[in-house]
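Colleague: Structure below; questions to follow.
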Amino acid sequence: MGLEGKTALVTGASRGIGRAIAIKLAQLGASVIVNYSGNKMRAENTAAEIRSVGREALIWQCDVSDEKAVQEMVKESLAHFGHIDIVVNNAGITRDGLLMRMKEEDWDAVLDTNLKGVFLVTKAALRPMIRQKQGKIINVASVVGILGNASQANYVAAKAGVIGLTKATAREVASRGINVNAVAPGFIVTDMTDELPDEVKEKMKKDIPLGKPGMPDDVADAVAFLASDGSKYMTGQTLSIDGGMAMQ
Amino acid sequence: MADEDVLARVKKIVVDRLGVDEADVKLEASFKEDLDADSLDIVELVMELEDEFNLEISDEDAEKIQSVGDVVSYIESHKS
């Protein structure tokens, strides 16, 4: 599963699943562009972990829903590393609430970051990947994009959209040696799930066949597989990393 | 009259990229109709032309490119 000499761009890499993915890819040998939106200190912390395993880290702040900013990030990453081999579209936010009470701005914010962001980063990164005739794009979806979830209409719609976008992109670029896959994490212990009310957390745990929440590293392991040569005959797939919540 | 040098360089790229006979790469040849290119082939072709002629072709302009002649006249009017 070696990724020596590869360059990986990970969005939303300052914390949670993105941070675990960035560090895992570095441990396997990749240089990493650590994209973040708000928390510079935590992005620097991720970068420090990457450097501590002897890999190069480039920290880049940008909102993935801003096309110009995304293009700039990809351009500068290319100028710095010369190639981008792996893109992990991980950046995501939540604005939970009942659909009937959901504000339009909360719908838009979640769709912009979680779905449009994947489109924009993919669009920008495909150019160099098509030139290179190789590349791995890995999108972070969610179990709720498969099963649905009350009070998360915006998040569910975006994540289901990511699964569809993964398939569409995979079909478009398969002939160019580019693999596009997704992971669908279940209940993973992160700041994002920590915000959930206790009764929701308890209920979710009951729905997990493996009986416990997952860790960011569990998702990172699957992403590392999708980023490696070991998954070369897979494209357009969504791997569930959810303790068995959604069995297909 | 098309610039012979530009035409020759465009022809070479089209032949390499699409695997067609040089004789078929005429100015009036349509990429999709005559040279059997799909949309992604054209995107790749445009990227190679950008490299070869050191220019940037906007998405809007790229969408208008349908024939070999379109490419040649675009390059002639935009090359530095």
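The values are calculated or read from the model by the stated rules, or taken from the named source; none is laboratory data. As the structure is a prediction and not an experimental result, all values here were calculated from the model. Neighbour counts are summed over all protein chains in view; Cβ atoms, including those assigned to glycine, are modelled from backbone coordinates with ideal geometry.
Colleague: Suppose we filter A:116, A:103, A:123 for residues that are crowded, with 17+ Cβ neighbours inside 10 Å, of a type in the set (Lys, Arg) and modelled with pLDDT of 95 or more; which single one remains?
Modeller: So the residue among A:116, A:103, A:123 that is crowded, with 17+ Cβ neighbours inside 10 Å, of a type in the set (Lys, Arg) and modelled with pLDDT of 95 or more is A:116.
Colleague: Within the group A:9, A:3, which residue is part of a strand (DSSP E or B) and surrounded by 24 or more Cβ atoms within 10 Å (Cβ to Cβ)?
Modeller: Only one candidate qualifies: A:9.
Colleague: Considering each of A:168, A:150, A:158, A:182 in turn, give the residue that is more than 17 Å from residue A:94 (Cβ to Cβ) and either away from chain B (no Cβ under 14 Å) or in contact (Cβ under 8 Å) with a residue 24 or more places away in the chain (or both).
Modeller: That would be A:182, the only listed residue that is more than 17 Å from residue A:94 (Cβ to Cβ) and either away from chain B (no Cβ under 14 Å) or in contact (Cβ under 8 Å) with a residue 24 or more places away in the chain (or both).
Colleague: For segment A:213-248, which positions are in a loop (DSSP other than H, G, I, E, B) and within 23 Å of residue A:85 (Cβ to Cβ)?
Modeller: Selection gives A:228, A:232, A:233, A:234, A:235, A:236, A:237.
Residue-wise test of (1) within 22 Å of residue A:172 (Cβ to Cβ); (2) β-branched (Val, Ile, Thr); (3) under 11 Å from the mean Cα position of the chain (by Cα).
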residue: B:24; (1), (2), (3): no, no, no
residue: B:39; (1), (2), (3): yes, no, no
residue: B:46; (1), (2), (3): yes, yes, yes
residue: B:51; (1), (2), (3): yes, no, no
residue: B:54; (1), (2), (3): no, no, no
residue: B:57; (1), (2), (3): yes, yes, no
residue: B:61; (1), (2), (3): yes, no, no
residue: B:67; (1), (2), (3): no, no, yes
residue: B:70; (1), (2), (3): no, no, yes
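Colleague: Scan segment A:193-215 and give yes if some residue there is in contact with a helix residue (DSSP H, G or I) (Cβ under 7 Å, 6 or more places away or on another chain), more than 14 Å from every other protein chain (Cβ to nearest Cβ) and in contact (Cβ under 8 Å) with a residue 40 or more places away in the chain, otherwise no.
Modeller: No, segment A:193-215 has no match at all.
Colleague: (1) farther than 24 Å from residue A:248 by Cβ; (2) of a type in the set (S, T, N, Q); (3) outside any helix (DSSP H, G or I): which one isn't true of residue A:113, the others all being true?
Modeller: If we test residue A:113 against (1) farther than 24 Å from residue A:248 by Cβ; (2) of a type in the set (S, T, N, Q); (3) outside any helix (DSSP H, G or I), just (3) comes out false.
Colleague: May I pose another question? Scan segment A:127-152 residue by residue and report those that are within 26 Å of residue A:218 (Cα to Cα) and part of a helix (DSSP H, G or I).
Modeller: Listed by number, the residues that qualify are A:144, A:145, A:146, A:147.
Colleague: Then there's this: Could you figure out which of (1) of a type outside the set (Phe, Trp, Tyr); (2) closer than 24 Å to residue A:124 by Cα; (3) in a helix (DSSP H, G or I) isn't true of residue B:57?
Modeller: Only one criterion is unmet by residue B:57, namely (3).
Colleague: Further question: Within segment A:90-147, can you find the residues that are more than 14 Å from chain B (Cβ to nearest Cβ) and either basic (Lys, Arg) or without any contact (Cβ under 8 Å) to a residue 12 or more places away in the chain (or both)?
Modeller: Answer for segment A:90-147, where residues must be more than 14 Å from chain B (Cβ to nearest Cβ) and either basic (Lys, Arg) or without any contact (Cβ under 8 Å) to a residue 12 or more places away in the chain (or both): A:95, A:100, A:101, A:103, A:104, A:105, A:108, A:116, A:136.
Colleague: Let me ask something else. When residues of segment A:30-52 are filtered for being of a type outside the set (Ser, Thr, Tyr) and in a helix (DSSP H, G or I), how many remain?
Modeller: Count: 11.
Every residue, every condition in (1) closer than 24 Å to residue A:133 by Cβ; (2) without any contact (Cβ under 8 Å) to a residue 40 or more places away in the chain; (3) within 14 Å of another protein chain (Cβ to nearest Cβ); (4) surrounded by 14 or more Cβ atoms within 10 Å (Cβ to Cβ), yes or no:
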residue	(1), (2), (3), (4)
B:8	no, yes, no, no
B:27	no, no, no, yes
B:33	no, yes, no, no
B:37	yes, yes, yes, yes
B:41	yes, yes, yes, yes
B:45	yes, yes, yes, yes
B:50	yes, yes, yes, yes
B:54	yes, yes, no, no
B:64	no, yes, no, no
